[in-house]
Amino acid sequence: MIDLEIKNIKKNFEKTNILKGINLEINKGEFIVILGPSGCGKSTLLRIVAGLETASSGHVFLTGKDITVLPARERNMAMVFQSYALYPHLKVYDNFSYGPNIRHEDKKQTDKKIKETAAVLNLEDQLMKYPKQLSGGQRQRVALGRAMLRNPSCFLFDEPLSNLDANLRLIMRRKIFSIHQDLKITTLYVTHDQLEAMTLANRIVLMNNGYVEQIGAPLDIYDKPKNIFTAKFLGSPNITLLDGIIDASGKNIKVINSKIVFPLSGVSLEAGQELVLGIRPEDILVSNKNEANFPAQVEFIEATGGLSIIYASAEGCDIRISTTKRISATLGDTLYLKVQGMHLFDKKTSQRISTINYQQNP
Amino acid sequence: MASRYKTRFNWHTWLETLLPKFVLLPSFLLAIVAIYGFISWTAVLSFSKSTILPNYEWVGWHQYQKLWANPNWYIALKNLFIFGSLYISLSCAIGLALAILIDQKIRLEWLLRPLMLYPMALSFIVTGTVWKWILNPGFGIEKSMHRIGFESFTFDWIINSDKAIYTLVIVAVWQTSGFVMAMFLAGLRGIDSNLTKAAYLEGANLFQIYWKVIIPQLRYTLVSVVIILGHLAIKSYDLVIALTGGGPGKSTEVPGTFMYSYTFTRSRMAIGSASAIIMLLMIAAIIIPYLYSEMRSREE
């Protein structure tokens with residue numbers, strides 16, 4: 001069932017187009033993460049859904065009702081801000097009760113709900129403190145609790161974890177995930193952090209430059225990136241991109257300006273077709289001289305214990321490899337690399353043509 | 001090597017370290033003499049037998065006893081209380097209202113803001129003189145209303161001894177509410193705009209947002225405003241002299257005018273000095289706790 005529908009939303013600030021026609025259908029209870037680089041318009045889109053900003057054109061529907069011009073306070077949505085936006089002059093308890101009191105909800109009922117919410121968020125001992133007496137993580141939990149007490153038809157998150165340190169971010173991510181599991185409230189979550197997007201979302205909406213580039217389940221987007229931008233944006237370290245061309249026989253892909261050649265399989269392309277090859281770092285194996293596709297020189301290794309990331313160079317091409325094996329190589333050493341699979345993108349349109357998996361078709 | 005540099009006299013560094021001290025010295029000396037010296041002198045005079053000229057015969061608390069037995073002093077204090085409380089509360093209310101209106105992303109803010117600040121740029125003497133004309137029933141508002149046909153219109157507060165104190169309030173409020181507005185506006189601009197958005201999404205209307213979220217956060221600004229206006233009210237002298245001269249009768253006598261008339265025109269310098277010291281203590285009672293709390297909050 002479609003809960004929230006965004007139809008052809010456009011937004012111009014004077015002459016700059018922030019949003020260039022966004023369409024999105026969100027099912028009831030779904031957790032949608034809007035992901036994109038800064039300045040792509042994702043926060044503007046969220047504010048339009050919240051009613052804090054007006055769209056230049058287009059419509060927003062909530063459970064079939066057009067809410068495009070409905071004031072924010074009548075939309076029954078709750079928002080969590082990056083800056084927490086707690087009322088600094090009120091104690092945590094009063095921060096919680098402010099909204100319910102304004103909406104004239106029953107006082108006893110509110111008190112009970114505040115205590116339950118505080119228990120869920122481990123804030124029982126903080127209720128009589130002021131926001132400035134709390135740590136960043138506690139403040140973010142108060143902001144979350146305030147949103148939960150709204151009992152909203154829709155949760156909106158605007159980069160809620162960006163101000164927290166790495167460890168707290170992980171804990172809060174799990175908290176948000178489990179709260180969504182419990183409440184099953186439709187959620188729109190804006191972030192630039194791909195890890196948050198991959199771990200939280202039912203579906204990711206990947207935005208760039210005012211457009212939606214791709215919508216899909218996290219692993220679907222990762223495995224089948226629609227275009228070069230998507231392939232580059234998701235995945236850490238970045239995907240390796242090489243310019244290639246189909247050779248005269250039509251059976252091989254030749255990397256331009258090098259002797260590296262990969263067999264074409266699973267798809268037939270015309271000779272002379274220009275391509276961009278996208279190879280995920282985990283699809284490159286460190287192998288031996290006989291099986292390898294090409295040799296490469298080590299430039300830099302980041303050994304993080306569980307995972308080693310190798311930056312190498314092959315005939316002027318930058319190659320990124322990630323492996324769980326510990327590689328004992330130093331700067332300038334030659335590694336023999338074997339590629340297990342790659343994405344083929346059309347050089348002209350940036351769209352993905354096909355994905356080759358060498359493991360199934362050796 | 002190092003010792004050679006040390007022993008050599010260097011004009012440049014010598015000048016660099018001492019120049020600031022030289023530059024500040026005259027104003028420092030002037031402040032010592034003209035402020036603290038004369039405060040001390042006034043204090044000494046208040047314990048003396050001075051009349052038209054200083055007379056250093058010590059009489060202890062005698063002049064203070066006479067001051068607190070003087071009915072004119074009580075009139076001055078009562079007037080100060082009426083004027084001060086109305087002046088501070090009205091300036092705050094009008095200043096805050098203007099600040100909130102200006103904060104609504106209105107057009108022409110660049111024009112309105114300085115426009116409302118300009119009265120503060122006038123001296124109280126100028127303000128007082130201009131308003132004396134405006135309020136004068138003979139050729140001010142009242143006369144103008146008569147001329148356009150409202151024959152029965154009367155606005156003679158300035159010559160009415162029951163109402164004259166309120167004309168002081170009107171003029172002083174006119175002079176300072178723009179300044180109060182600027183202070184509150186700075187406070188408003190310092191509040192995280194996401195707070196308004198959060199409250200808005202929680203279902204609050206604009207009135208509720210201002211009353212419960214925004215205005216409570218201006219309380220530190222309010223304290224500063226009250227202290228600034230409070231000490232202006234206590235030391236008010238020039239406006240009263242220019243507007244009403246303390247009259248009609250003694251109806252707008254305030255401690256400032258009391259002090260001047262006893263010291264310089266009524267030849268009772270010791271009582272005047274005693275009243276000046278009392279005014280100093282009143283101002284100190286406002287400023288010292290403020291400075292103390294400011295310094296404490298800065299240390300934190």
### Query
Among the candidates B:233, B:204, B:164, which residue alone is farther than 15 Å from residue B:94 by Cβ and either touching a Gly at 6+ places or on another chain (Cβ under 6 Å) or aromatic (Phe, Trp, Tyr) (or both)?
B:233
### Summary
Listed by first then second residue, the pairs whose first member lies in the range A:48-62 and is in a loop (DSSP other than H, G, I, E, B), whose partner is of a type in the set (Gly, Ala, Ser), with beta carbons under 8 Å and at least 6 positions apart or on separate chains, are A:51/A:72; A:52/A:72
### Query
Restricted to the range B:188-199, and to residues that are under 17 Å from residue A:77 (Cβ atoms) and more than 7 Å from every other protein chain (Cβ to nearest Cβ), which residue is surrounded by the fewest Cβ atoms within 10 Å (Cβ to Cβ)?
B:196
### Query
Among the candidates A:297, A:351, which residue alone is open to solvent by 50 Å² or more (accessible area, probe 1.4 Å), under 22 Å from residue A:225 (Cβ atoms) and of a type in the set (S, T, N, Q)?
A:351
#### Entry: Close pairs from the range A:2-23: first surrounded by 17 or more Cβ atoms within 10 Å (Cβ to Cβ), partner charged (D, E, K, R) and not in a strand (DSSP E or B), Cβ under 6 Å, at least 6 apart
A:3/A:28
### Message
Just to be sure I understand the filter: pairs with C-beta atoms under 9 Å, separated by 6 or more residues or on different chains, first member in the range A:282-296 and free of Cβ contacts under 8 Å to residues at least 60 places away in the same chain, second member among the hydrophobic types (A, V, I, L, M, F, W, C) and open to solvent by 30 Å² or more (accessible area, probe 1.4 Å). Which pairs pass?
### Response
A:286/A:327; A:291/A:285; A:292/A:285; A:292/A:286; A:293/A:261; A:294/A:261
### Summary
Residue hits (the range A:36-64; within 13 Å of chain B (Cβ to nearest Cβ), within 18 Å of residue A:209 (Cα to Cα) and open to solvent by 10 Å² or more (accessible area, probe 1.4 Å)) are A:43, A:47
## Note on the structure
residue B:178 fails exactly one of (1) at pLDDT 90 or above; (2) open to solvent by less than 10 Å² (accessible area, probe 1.4 Å); (3) over 18 Å from residue B:140 (Cα atoms), namely (1)
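One line per residue, one yes/no per condition, for (1) at pLDDT below 85; (2) of a type outside the set (A, V, I, L, M); (3) more than 23 Å from the chain's Cα centre (by Cα):
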site: B:79; (1), (2), (3): no, yes, no
site: B:86; (1), (2), (3): no, no, no
site: B:99; (1), (2), (3): no, no, no
site: B:108; (1), (2), (3): yes, no, yes
site: B:119; (1), (2), (3): yes, yes, no
site: B:135; (1), (2), (3): yes, no, no
site: B:172; (1), (2), (3): no, no, no
### Query
If you scan the range B:45-99, which residues turn out to be among the polar types (S, T, N, Q), in contact (Cβ under 8 Å) with a residue 12 or more places away in the chain and open to solvent by 70 Å² or more (accessible area, probe 1.4 Å)?
B:51
### Task
Scan the range A:207-247 for residues that are closer than 27 Å to residue A:56 by Cβ, open to solvent by 30 Å² or more (accessible area, probe 1.4 Å) and polar (S, T, N, Q) and report the count.
2
### Message
Condition first: free of Cβ contacts under 8 Å to residues at least 60 places away in the same chain, open to solvent by 50 Å² or more (accessible area, probe 1.4 Å) and under 18 Å from residue B:227 (Cβ atoms). Now tell me which residues in the range B:254-281 satisfy that.
### Response
B:281
### Task
Please indicate, with yes or no, whether at least one residue in the range B:61-74 is closer than 24 Å to residue B:253 by Cα, at pLDDT 90 or above and among the aromatic types (Phe, Trp, Tyr).
no
### Query
Filter the range A:78-96 for residues that are assigned to a helix (DSSP H, G or I) and touching a residue at least 24 places away in the same chain (Cβ under 8 Å); which is farthest from the chain's Cα centre (by Cα)?
A:93
### Query
If only one of A:133, A:138, A:82 is more than 14 Å from chain B (Cβ to nearest Cβ) and either modelled with pLDDT of 90 or more or at negative phi (or both), which one is it?
A:138
### Task
Among residues belonging to the range B:200-213 that are surrounded by fewer than 22 Cβ atoms within 10 Å (Cβ to Cβ) and farther than 21 Å from residue A:152 by Cα, point out the one that is nearest to the other protein chains (Cβ to nearest Cβ).
B:212
### Query
When the range A:97-110 is examined, which residues are found to be facing another protein chain (nearest Cβ under 10 Å), open to solvent by 10 Å² or more (accessible area, probe 1.4 Å) and either on the phi > 0 side of the Ramachandran plot or part of a helix (DSSP H, G or I) (or both)?
A:98, A:101, A:102, A:104
### Query
Of the residues A:177, A:157, which single one is open to solvent by less than 70 Å² (accessible area, probe 1.4 Å) and out of contact with any Lys or Arg (no Cβ under 9 Å at 6 or more places or on another chain)?
A:157
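The values are calculated or read from the model by the stated rules, or taken from the named source; none is laboratory data. Note that the coordinates shown come from a computational prediction; the quantities given were computed from them, not determined experimentally. Positions of Cβ are backbone-derived with ideal geometry, glycine not excepted, and every protein chain shown enters the neighbour counts. The area values use the complete protein model at the heavy-atom level, side chains included, leaving out ligands, DNA and RNA. Shrake-Rupley method; radii C 1.70, N 1.55, O 1.52, S 1.80 Å.
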